[in-house]
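Written out below as structure tokens is the structure these notes cover.
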Amino acid sequence: DTAVSQTPKYLVTQMGNDKSIKCEQNLGHDTMYWYKQDSKKFLKIMFSYNNKELIINETVPNRFSPKSPDKAHLNLHINSLELGDSAVYFCASSRNRGNQPQHFGDGTRLSIL
Amino acid sequence: SQELEQSPQSLIVQEGKNLTINCTSSKTLYGLYWYKQKYGEGLIFLMMLQKGGEEKSHEKITAKLDEKKQQSSLHITASQPSHAGIYLCGASTQGGSEKLVFGKGTKLTVNP
């Protein structure tokens, strides 16, 4: 019954590795998001897709690449991981674009060694 | 860019007490969202406010958006330990936009 589910929940890896985080929503929403929450709990938008189309692309290093194979899935691939990438990454979805409540997953805690 | 200031940063109250958390913006808030986050979990959507002067309630939590749409408050009546967590306000950066900016959160502790 989980509405927005992310995998894995925890990710511990070495600097320089490439990793992916997956997100799926079963709410029938058209719009999905990736957020980063840093160690100070500051939550910032990274990307958003609407019906598989990229609509928000914040100033994020090119090492981060989102992919939306269909409107229920939004994955995040990160190349050449750096220490500063350690954070909690949240996926969210909303019914469609505009002023709509966004529903969040439980987050993926990424730790870079 | 729009910034949201939340106050206080942290709050410790005794069970049964009322409390208020504020969220202030330097610009007009086109959509104001309140979320609650517990450690190790995602954000739980509480309420959304759009119109100046709007007020919404859910159980013991009431949220208001002022007439000028630059400040919102979240009020909890007769707090319980289950209310403990981090409360975040988020807002659209411009009218009709899905792009949200968030405050830094208010950490609420409710002592039994």
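The values are calculated or read from the model by the stated rules, or taken from the named source; none is laboratory data. Computed from a predicted structure; not experimentally measured. Don't worry about glycine lacking a Cβ; one is built from the backbone with ideal geometry, like all the others, and counts go over all protein chains shown. What goes into the accessible areas is simple: the full protein's heavy atoms, side chains included, and nothing from ligands, DNA or RNA. Shrake-Rupley method; radii C 1.70, N 1.55, O 1.52, S 1.80 Å.
Taking the convex hull of the Cα atoms, report for the stretch B:4-111 its projected area averaged over all directions, in nm².
6.1 nm²
With +1 on the Cβ of every Lys and Arg and -1 on the Cβ of every Asp and Glu, and nothing else charged, how large is the dipole of the protein assembly as shown about its Cα centre, in debye rounded to the nearest 20? Working shown, then result.
Numbers: 27 positive and 21 negative charges, 32 e Å.
The calculation lands at about 160 debye.
Which whole-Hz couplings ³J(HN,Hα) result when phi for each residue of the stretch B:95-107 is put into the Karplus expression 6.51 cos²θ - 1.76 cosθ + 1.60, θ = phi - 60°, listed in order with x for Gly and Pro?
Per residue, the Karplus-derived 3J(HN,Hα) values read x, x, 8, 8, 7, 9, 10, 10, x, 7, x, 10, 8 Hz.
Rounded to the nearest whole Å², what accessible area per residue is found for the protein assembly as shown with the 1.4 Å probe? Don't skip to the answer; put the middle values down first.
Numbers: 11130 Å² over 225 residues.
With the other protein chains kept in place, the protein assembly as shown gives 49 Å² per residue.
Mind listing the phi-derived Karplus ³J(HN,Hα) values for the stretch B:38-55, rounded to whole Hz, using 6.51, -1.76 and 1.60 with θ = phi - 60°, and x for any glycine or proline?
Using θ = phi - 60°, the values come out as 9, 4, x, 10, x, 8, 9, 5, 9, 8, 10, 10, 10, 9, x, x, 5, 9 Hz.
Any idea how far the Cα center of the stretch B:65-112 sits from the one of the stretch B:1-47, in Å?
Cα centroid of the stretch B:65-112 versus Cα centroid of the stretch B:1-47: 2 Å apart.
As a test of the definition: with a 1.4 Å probe, what buried accessible area, both sides summed, do you compute for B against A, in Å² to the nearest 100?
Details: alone 6470 and 6570 Å², together 11130 Å².
Adding both sides of the contact gives about 1900 Å².
Report which residues of the stretch B:73-108 become buried by 40 Å² or more of accessible surface when going from the isolated chain to the complete set of protein chains (1.4 Å probe; DNA, RNA and ligands ignored).
Buried by the other chains: B:GLU98, B:LYS99, B:LEU100, B:PHE102, B:LYS104.
How about the stretch A:1-39: which trypsin sites (Lys or Arg not before Pro) there lie in a loop by DSSP and see at most 14 other Cβ atoms within 10 Å?
Listed in order of number, the matching sites are A:LYS9.
Can you give me the long-range amide H partners of B:GLU15? Hydrogens built in the peptide plane at 1.01 Å from N, cutoff under 5 Å, separation of 5 or more residues or another chain.
Close amide H contacts, sequence-distant or interchain: B:ASN111.
Can you tell which of A:GLN100, A:PHE90, A:PHE64 lies farthest toward the positive end of the dipole of the stretch A:45-101, using +1 and -1 charges on the Cβ of basic and acidic side chains (Lys, Arg; Asp, Glu)?
Result: A:GLN100, furthest along the dipole toward the positive end.
Once amide H atoms are placed 1.01 Å from N in the peptide plane, what residues at a sequence separation of 5 or more from B:LYS27, or on another chain, have their amide H within under 5 Å of its amide H?
B:GLU3
Short version: which residues of the stretch A:66-102 lose at least 40 Å² of accessible area, all chains versus chain alone, 1.4 Å probe?
Residues passing the criterion (a loss of at least 40 Å², heavy atoms only) are A:GLY98, A:ASN99, A:PRO101, A:GLN102.
Using a probe of 1.4 angstrom, how much of the accessible area of the protein assembly as shown is carbon and sulfur, in percent?
46 percent
Treat every Asp and Glu Cβ in the stretch B:4-111 as -1 and every Lys and Arg Cβ as +1, leave all other atoms uncharged, and give the resulting dipole magnitude about the Cα centre to the nearest 20 debye.
Magnitude of the dipole: close to 120 debye.
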